[in-house]
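Asker: There's a structure below that I have some questions on.
The values are calculated or read from the model by the stated rules, or taken from the named source; none is laboratory data. Keep in mind the model is a prediction, meaning the values are calculated, not measured. Glycine gets a Cβ as well: all are built from the backbone with ideal geometry, and neighbour counts include every protein chain shown.
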């Protein structure tokens with residue numbers, strides 16, 4: 001019967017089978033000096049004592065493994081959709097100004113627009129200043145007409161404090177990128193068609 005090889009842990013001083021030590025290529029026996037339990041405790045303490053180094057190490061790893069880390073994050077989010085949906089709802093409800101600022105920055109990068117907003121530049125009113133709807137925070141599903149939405153008053157200018165207003169999602173969707181003159185013409189046309197239809201129905 002083959003004898004089980006053991007090794008002494010350099011921290012706790014106990015002897016354990018080699019399988020109870022993590023692999024380490026540079027070690028003569030191919031195993032590290034600490035048993036797995038001590039190694040985990042040592043790692044926890046080191047991480048707590050060197051937060052900046054840990055942050056830099058992770059940053060360096062991410063920058064040198066961009067495709068791998070992007071794929072891992074995407075796969076993780078796909079397999080934890082419910083968790084991230086609830087997390088997003090909570091964030092939108094508790095910190096709508098911060099959430100809208102993040103979204104504004106993403107859109108600004110996508111369309112090459114200026115964005116100088118901070119959360120303090122975004123004020124969420126109780127009611128939509130256009131439609132009078134009571135604004136409801138935290139809704140991220142398809143039926144979100146009452147959600148607060150960040151609007152660029154002049155679309156071409158970008159996201160700067162003087163060019164943004166918080167209105168309802170429905171008002172923002174209706175407004176989209178049309179001019180005030182275009183919206184007046186649409187309203188006039190709708191009123192005229194409505195009156196004509198109403199008159200014809202009364203005379204039928």
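Asker: Could you grab me the full set of residues in segment 60-97 that are surrounded by 14 or more Cβ atoms within 10 Å (Cβ to Cβ) and within 29 Å of residue 155 (Cα to Cα)?
Answerer: Hits for segment 60-97 are 89, 91, 92, 93, 95, 96, 97.
Asker: From the list 160, 167, 153, which residue is out of contact with any helix residue (DSSP H, G or I) (no Cβ under 6 Å at 6 or more places or on another chain) and more than 25 Å from residue 88 (Cβ to Cβ)?
Answerer: Working: 167 fails: more than 25 Å from residue 88 (Cβ to Cβ); 153 fails: out of contact with any helix residue (DSSP H, G or I) (no Cβ under 6 Å at 6 or more places or on another chain).
Just one listed residue meets the conditions, 160.
Asker: Mind listing whichever residues of segment 95-123 are at pLDDT below 90 and farther than 15 Å from residue 165 by Cβ?
Answerer: 95, 99
Asker: Would you mind telling me which numbered condition in (1) touching a strand residue (DSSP E or B) at 6+ places or on another chain (Cβ under 7 Å); (2) at pLDDT below 90; (3) closer than 24 Å to residue 155 by Cβ residue 137 fails?
Answerer: With (1) touching a strand residue (DSSP E or B) at 6+ places or on another chain (Cβ under 7 Å); (2) at pLDDT below 90; (3) closer than 24 Å to residue 155 by Cβ applied to residue 137, the lone miss is (3).
Asker: On the given criteria, is residue 150 assigned to a loop (DSSP other than H, G, I, E, B) and crowded, with 17+ Cβ neighbours inside 10 Å?
Answerer: In short, no.
Asker: Could you give me the residue pairs with C-beta distances under 6 Å whose first residue belongs to segment 106-133 and is closer than 23 Å to residue 170 by Cβ, whose second residue is assigned to a loop (DSSP other than H, G, I, E, B) and modelled with pLDDT of 95 or more wherever it lies, and which are 6+ apart or on separate chains?
Answerer: Pairs that qualify, where the first residue is closer than 23 Å to residue 170 by Cβ and the partner is assigned to a loop (DSSP other than H, G, I, E, B) and modelled with pLDDT of 95 or more: there are none.
Asker: Can you find a residue that is in a strand (DSSP E or B) and touching a helix residue (DSSP H, G or I) at 6+ places or on another chain (Cβ under 6 Å) anywhere in segment 43-52?
Answerer: The answer is no, given that none of the residues of segment 43-52 is in a strand (DSSP E or B) and touching a helix residue (DSSP H, G or I) at 6+ places or on another chain (Cβ under 6 Å).
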